[in-house]
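Enquirer: I am attaching a structure below and will ask some questions about it afterwards.
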Protein chains: 2
Amino acid sequence: MDIAAYMADVGQQARDAATAVARSTTAVRNKALLATAEALDAARDELAAANAKDLESGRSSGLDEAMLDRLELTPARVDAMIEGLRQVASLPDPIGEITDMTFRPSGIQVGRMRVPLGVIGIIYESRPNVTVEAASLCLKSGNATILRGGSEAIHSNQAIAACLARGLSEAGLPENAVQVIRTTDRKAVGELITMPRFVDVIVPRGGKGLIERISRDARVPVIKHLDGICHVYVDSHADPEKALAVAVNSKTQRYGTCNTMETLLVDEEIASDILPLLAGAFREKGVELRGCDRTLEILTDVTAATKEDWATEYLAPILAVKVVDGLDGAISHINCYSSQHTDSIITENYTRARRFLTEVDSSSVMVNASTRFADGFEYGLGAEIGISTDKIHARGPVGLEGLTSQKYVVFGDGHIRT
Amino acid sequence: MDIAAYMADVGQQARDAATAVARSTTAVRNKALLATAEALDAARDELAAANAKDLESGRSSGLDEAMLDRLELTPARVDAMIEGLRQVASLPDPIGEITDMTFRPSGIQVGRMRVPLGVIGIIYESRPNVTVEAASLCLKSGNATILRGGSEAIHSNQAIAACLARGLSEAGLPENAVQVIRTTDRKAVGELITMPRFVDVIVPRGGKGLIERISRDARVPVIKHLDGICHVYVDSHADPEKALAVAVNSKTQRYGTCNTMETLLVDEEIASDILPLLAGAFREKGVELRGCDRTLEILTDVTAATKEDWATEYLAPILAVKVVDGLDGAISHINCYSSQHTDSIITENYTRARRFLTEVDSSSVMVNASTRFADGFEYGLGAEIGISTDKIHARGPVGLEGLTSQKYVVFGDGHIRT
């Protein structure tokens, strides 16, 4: 198979379909989403059979349990895909919204209209439900999509693609508005991220390695989501109860998520009082602590942290703890080691909260709230295609708006420039 | 000179300065702008002397007149730089603006705060006044800047840089907040566009060749401004007077600008009536017409257009003319040949205007207005760093907002996620 030629076809078909999707009405796009939900519900057996194939070959090729778990399409996960489609259909349509319409001294009227980006390429790993999640957000926002899932999920993804195609055609939209790449050849990814003529933006979803590789090689803009090294800073003016609740929740509510706290910073002024309480709470939860020298003076049973610990996303019940010289120490540590994902200050002091908000350069900055709130649903975006750790285009949780652009619209009455 | 080492120093200094600028108040940044204006006014002799050096070596190295003209810093251009600085100082500060603040069901309060991008690299050609223009917009929007001007303007740019340094230090800001690269070695550009650690975005200003080269080689996001192949479509429902006024103004108000019309599209239904009127008006202005076959049937004295004409940005008194099959023909021609810069429809028909606005995929879409209005000042942005023909991050005229990003701010009261 000539991968370059195949991908060029896929790209051209996506580009053509994008025009049709961009012109389609809200009702038509919602119909496609709801019809896909129906199609998935009707195809549970086919989905199970296709997924069984993937699981079988996954086992025989020795995928680990975590991988196999992500690969599995349980009935509950199919339900979730169906529910997700209905939720996305129920979201307000961002496309066509006109804002900032003003009259200019020249007499022309200028505003901005929200429009789709065009063609969005999604590259992801084993979880097949991402196929529906990503496609539904791109479709709702008026874009065409090219999806490249993990090769181990190829049968499941094709079965899901068939349901998407059914939904699209029932709504009268071109089936090519959502294409799932049919080959598992890695060359296809290389082509996908180097076709600016056909692809407007790439959204990679998966491990840091995947995203770094794609960002390095892409010739198309990439909405990246790198690691989440999140901090909670307990200020000397913190309410101890809030500090304990937020710190424990930020670390232990889930260990494997990017908005989980990885480093706890404590103001030296209160370290000796509050660190033992925090350590006790974390011990109860079975979290291993790794402390700086000053932490070790207070918590004698804690292992010493190395420089790497400050730059590590554990995604595990391990927490780095550092005693810092007040707010300035906290901000400089965060701006040095944070992945600019999410950082939170615990304080009752207005001025320190205000400074933390302004001076911490992260995509989400919080006061007296758990870092676990950094999430598209919690923020009210309705859905989330990822969390951008970039500053360009989209920053933080990326919802439908992040998959759109704005063009200027100008109304005149024969106006000319003089 | 070790260019890589030098640029790494420049980058690190810019990164450090960016933190100080981002934290500075509106008043301080405005003071730096106004102090720079004073410094330029006081340094007119030094500027003239430095510019004379550049002009002299330019002449001896055989630069053409157009190039020498762009290179020259006339007293009027110095006045314009000073006035520009005062205008930028008077613009509202985008930084720190908090929008969309809402309470979520969880009880947290979520909003978005506008923040600087960080370090912006500007690469431009011979015009030294760009040094002040670009630096002032980046500074106003809280960013640090690294400027790389044309080597032929090195003395002028260094003289301007000295004034910027004076203005910054008078306001108590680090002089490295604006750095003009001291070497003319082309390697410096290669380094500048491949330092993601130190540079957040590159804004190239200049010819298509420069911008394509930079976009191809950059490892940093680029806000590109490629060519402007702009269209005016005269619909069969057009008011002939408005059609003539807008078409003539779009082409002839200035020939060398990116928002100048390069192709005129005429609805076949009215071609035989209106083309002779348009041709007469353009003949008066000395504009050469190049027509499609159907145009030639109506305008017998016009030369035939080739396929290349539809894809050419003349920047000259030449205009391609095509008779199209109504609105659909116009939209498909535009979406095929337009550079997605600016396109305008002349019509009194509501439905056709509405369709044109929705279906033409360009950064500025107009009804009954001259394409020449596509400009940051005309749109009320106050100033313009360029006109983006991209869809990512910024589209169309890019003002201060395009040099910023938004981060999420979350206010809680010990809220945890359950």
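Enquirer: Can you list the residues, at least 5 places off or on another chain, whose amide H is less than 5 Å from the amide H of residue B:405, using H built in the peptide plane?
Expert: B:115, B:117
Enquirer: Give me the log10 of I(q) over I(0) for the stretch B:183-277 at q = 0.12, 0.22, 0.26 Å⁻¹, as the Debye formula computes it from C-alpha points; what are the numbers?
Expert: Log10 of I(q)/I(0), two decimals: -0.57, -1.03, -1.26.
Enquirer: Can you give me the % of accessible surface on the stretch B:230-373 that is carbon or sulfur? Probe 1.4 Å, all protein chains present, nothing else counted. Present the calculation step by step, with values, prior to reporting the outcome.
Expert: Numbers: 2640 of 5380 Å².
C and S fraction of accessible area: 49 percent.
Enquirer: What ³J(HN,Hα) values, in whole Hz, does the Karplus curve 6.51 cos²θ - 1.76 cosθ + 1.60 give for the stretch B:206-220 when θ = phi - 60°, with x put for Gly and Pro?
Expert: x, x, 4, x, 4, 5, 5, 4, 5, 4, 5, 9, 5, 10, 10
Enquirer: Where is the GNM fluctuation largest for chain A (alpha-carbon springs, 10 angstrom cutoff): A:36, A:102, A:295?
Expert: Looking only at A:36, A:102, A:295, the largest GNM fluctuation is found for A:102.
Enquirer: To the nearest whole percent, what portion of all C-alpha pairs in the stretch B:243-287 is separated by more than 13 angstrom? Write out the running numbers ahead of the final one.
Expert: Numbers: 533 of 990 pairs.
Summing the P(r) tail past 13 Å for the stretch B:243-287 gives 54 percent.
Enquirer: Could you pull the accessible area for residue B:242 with a 1.4 Å probe, rounded to 10 Å²?
Expert: We get 40 Å² for residue B:242.
Enquirer: GNM, chain A, Cα, under 10 Å: largest mean-square fluctuation among A:126, A:250, A:61?
Expert: Among A:126, A:250, A:61, the largest mean-square fluctuation in the Gaussian network model of chain A belongs to A:61.
Enquirer: Another one. Could you provide, to the nearest whole Å², the per residue accessible area of the protein assembly as shown with probe 1.4 Å?
Expert: Using a 1.4 Å probe on heavy atoms only, each residue of the protein assembly as shown averages 38 Å².
Enquirer: What base-10 log of the normalised intensity I(q)/I(0) is obtained for the stretch B:270-348 from the Debye formula, alpha carbons as equal point scatterers, at q = 0.13, 0.20, 0.22, 0.27 Å⁻¹?
Expert: Once normalised to I(0) and log-transformed, intensities are -0.40, -1.01, -1.23, -1.57.
Enquirer: Which residue fluctuates most in the GNM of chain B (Cα springs below 10 Å): B:372, B:395, B:283?
Expert: B:283
Enquirer: Rounded to the nearest 10 degrees, what's the angle between the helix B:26-42 long axis and the longest principal axis of chain B, both from Cα atoms, 0 to 90?
Expert: 80
Enquirer: Evaluated at 10 °C with a viscosity of 1.306 mPa s, what Stokes-Einstein diffusion coefficient in µm²/s does the stretch A:271-414 have when Rh comes from the Kirkwood expression over alpha-carbon pairs?
Expert: 90
Enquirer: Using 23 Å as the Cα-Cα cut-off, could you pick out the over-long pairs in B:224/B:322; A:224/B:407; A:208/A:251; B:242/B:285; B:285/B:322; B:140/B:208?
Expert: Working: B:224/B:322 29 Å; A:224/B:407 15 Å; A:208/A:251 20 Å; B:242/B:285 17 Å; B:285/B:322 19 Å; B:140/B:208 27 Å.
B:224/B:322; B:140/B:208, as the Cα separations exceed 23 Å there.
Enquirer: Provide the solvent-accessible area of residue A:67, counting protein heavy atoms only and rolling a 1.4 Å probe, rounded to the nearest 10 Å².
Expert: My reading of the accessible area for residue A:67 is about 50 Å².
Enquirer: Need one number: convex hull volume per residue for the stretch A:1-154, Cα atoms only, in Å³.
Expert: Numbers: hull volume 22.8 nm³, N = 154.
That works out to 148 Å³ per residue.
Enquirer: While we're here: Per residue in the stretch B:96-121, which ones lose no less than 50 Å² of accessible surface when going from chain alone to all protein chains (1.4 Å probe)?
Expert: By number: B:104.
Enquirer: Using only alpha carbons, build the gyration tensor for the stretch A:10-97 and give me the equivalent ellipsoid semi-axes, biggest first, whole Å. Numbers along the way, then the final one.
Expert: Values: eigenvalues 202, 58, 29 Å².
Rounded to whole Å, the semi-axes are 32, 17, 12.
Enquirer: Project the alpha carbons of the stretch A:346-418 onto their principal axes and report the range along each, largest first, in whole Å.
Expert: 58, 31, 20
Enquirer: Right, another one. Take the Cα radius of gyration of chain A and divide it by 2.2 N^0.38 Å, with N its residue count; two decimals is plenty. Can you show the working numbers first?
Expert: Details: Rg = 24.1 Å, N = 418, 2.2 N^0.38 = 21.8 Å.
Scaled against compact globular proteins, the figure is 1.11.
Enquirer: Treating the beta-carbon of each Lys and Arg as +1 and of each Asp and Glu as -1, no other charges, what is the dipole magnitude of chain A about its Cα centre, to the nearest 20 debye? Can you show the working numbers first?
Expert: Working: 44 positive and 57 negative charges, 323 e Å.
Roughly 1540 debye, rounded to the nearest 20.
Enquirer: Buried by at least 10 Å² relative to the chain on its own: which residues of the stretch A:230-276 qualify, computing accessible area with a 1.4 Å probe on protein heavy atoms?
Expert: Going by heavy-atom accessible area, the residues of the stretch A:230-276 that drop by at least 10 Å² are A:242, A:245, A:246, A:249, A:253.
Enquirer: I've got another one for you. Please list 3J(HN,Hα) in residue order for the stretch A:84-101, calculated via the Karplus relation 6.51 cos²θ - 1.76 cosθ + 1.60 where θ = phi - 60°; whole Hz, with x for glycine and proline.
Expert: Values per residue, Gly and Pro as x: x, 4, 5, 5, 4, 4, 7, 6, x, 7, x, 6, x, 4, 10, 10, 6, 6 Hz.
Enquirer: Past the 54 angstrom mark, what percentage of all C-alpha to C-alpha distances in the protein assembly as shown do you count? Don't jump to the answer; show the numbers that get you there.
Expert: Numbers: 53246 of 349030 pairs.
Result: 15 percent of Cα pairs exceed 54 Å.
Enquirer: Also, I was wondering about something else. Restricted to Cα positions, what overall size does the stretch A:62-218 have along the principal axes? Three whole-Å values, descending.
Expert: 69, 36, 26
Enquirer: To continue, here is another question. Please report, for residue B:212, the nm distances (one decimal) from its label point, 7 Å out from Cα along the beta-carbon direction, to the equivalent points in the remaining copies, shortest first.
Expert: 3.4
Enquirer: I'd like the FRET efficiency for residue A:4 and residue B:308, computed as 1/(1 + (r/R0)^6) with the beta carbon distance as r and R0 of 35 Å, rounded to 0.05. Mind showing how you got there, number by number?
Expert: Numbers: r = 27 Å, r/R0 = 0.77.
The computed FRET efficiency comes out at 0.80.
Enquirer: Under unit Cβ charges (Lys, Arg +1; Asp, Glu -1), what dipole magnitude, rounded to 20 debye, does the stretch A:230-373 have relative to its Cα centre?
Expert: Working: 13 positive and 22 negative charges, 98 e Å.
Charge dipole, the stretch A:230-373, about its Cα centre: 460 debye, nearest 20.
Enquirer: Could you rank B:131, A:312 by how accessible they are, 1.4 Å probe, largest area first? Present the calculation step by step, with values, prior to reporting the outcome.
Expert: Numbers: B:131 0, A:312 45 Å².
Heavy-atom accessible area, descending, gives A:312, B:131.
Enquirer: Residue A:145's amide H: which non-local residues (gap 5+, or another chain) put their own amide H closer than 5 Å, with H modeled 1.01 Å from N in plane and none for Pro or chain starts?
Expert: When sequence neighbours closer than 5 places are left aside, the close amide H contacts are A:120, A:178, A:179.
Enquirer: Continuing with the same structure: Give the nm distances, rounded to one decimal, from residue B:60 to the matching residue in every other copy, measuring between label points 7 Å along Cα toward the beta carbon; shortest first.
Expert: 7.8
Enquirer: Taking the axis about which chain A rotates onto chain B, which residue of A lies nearest it as judged by Cβ position, and how many whole Å separate them?
Expert: Residue and rounded Å distance to the axis: A:393, 2.
Enquirer: Next up: Starting from 0.36 nm per residue, how many nanometres of slack lie between residue A:293 and residue A:20 once their C-alpha separation is accounted for?
Expert: Values: separation 273, 0.36 × 273 = 98.28 nm, distance 6.18 nm.
Extra length from residue A:293 to residue A:20 when fully extended: 92.1 nm.
Enquirer: Leaving ligands and nucleic acids out of the surface, order A:197, B:354 by accessible area at 1.4 Å, largest first. Mind dumping the intermediate values first?
Expert: Details: A:197 175, B:354 145 Å².
Result, largest first: A:197, B:354.
Enquirer: Calculate how large, on average over all directions, the projected area of the Cα convex hull of the stretch A:131-205 is; give the answer in nm² to one decimal. Don't jump to the answer; show the numbers that get you there.
Expert: Working: hull surface 19.7 nm².
Reported value for the Cα convex hull: 4.9 nm².
Enquirer: Put +1 on the Cβ of every Lys and Arg and -1 on every Asp and Glu Cβ in chain B; which of B:73, B:47, B:274 then has its Cα farthest towards the positive end of the dipole?
Expert: Of the options given, the answer is B:47.
Enquirer: Right, next: At q = 0.11, 0.15, 0.16, 0.24 Å⁻¹, what base-10 log of I(q)/I(0) does the Debye formula yield for the stretch B:83-176 when every alpha carbon is treated as an equal point scatterer in vacuo?
Expert: With no solvent term, the Cα-only Debye profile gives -0.42, -0.66, -0.72, -1.29.
Enquirer: Check which residues have an amide H placed less than 5 Å from residue B:346's amide H, if you skip close sequence neighbours.
Expert: Sorted by chain and number, the residues that satisfy this are B:233, B:234, B:235, B:368.
Enquirer: Then there's this: Tell me, what is the FRET efficiency for residue A:269 and residue B:28 to the nearest 0.05, using R0 = 35 angstrom and their Cβ-Cβ distance as r?
Expert: Working: r = 30 Å, r/R0 = 0.86.
My answer for the efficiency is 0.70.
Enquirer: Now for a different question. Report ³J(HN,Hα) in whole Hz for each residue of the stretch B:137-153, in order, from the Karplus equation J = 6.51 cos²θ - 1.76 cosθ + 1.60 where θ = phi - 60°; Gly and Pro get x.
Expert: Working through the residues one at a time gives 5, 5, 5, 4, 8, x, 9, 8, 10, 10, 10, 10, x, x, 4, 5, 10 Hz.
The values are calculated or read from the model by the stated rules, or taken from the named source; none is laboratory data. Nothing here was measured: the structure is a model prediction, and the numbers come from that model. Ideal geometry is used to build each Cβ from the backbone, glycine not excepted, and the neighbour counts take in all protein chains shown. The protein model used for the area step is the full one, side chains on, heavy atoms only, and it has no ligands, DNA or RNA in it. Shrake-Rupley method; radii C 1.70, N 1.55, O 1.52, S 1.80 Å.
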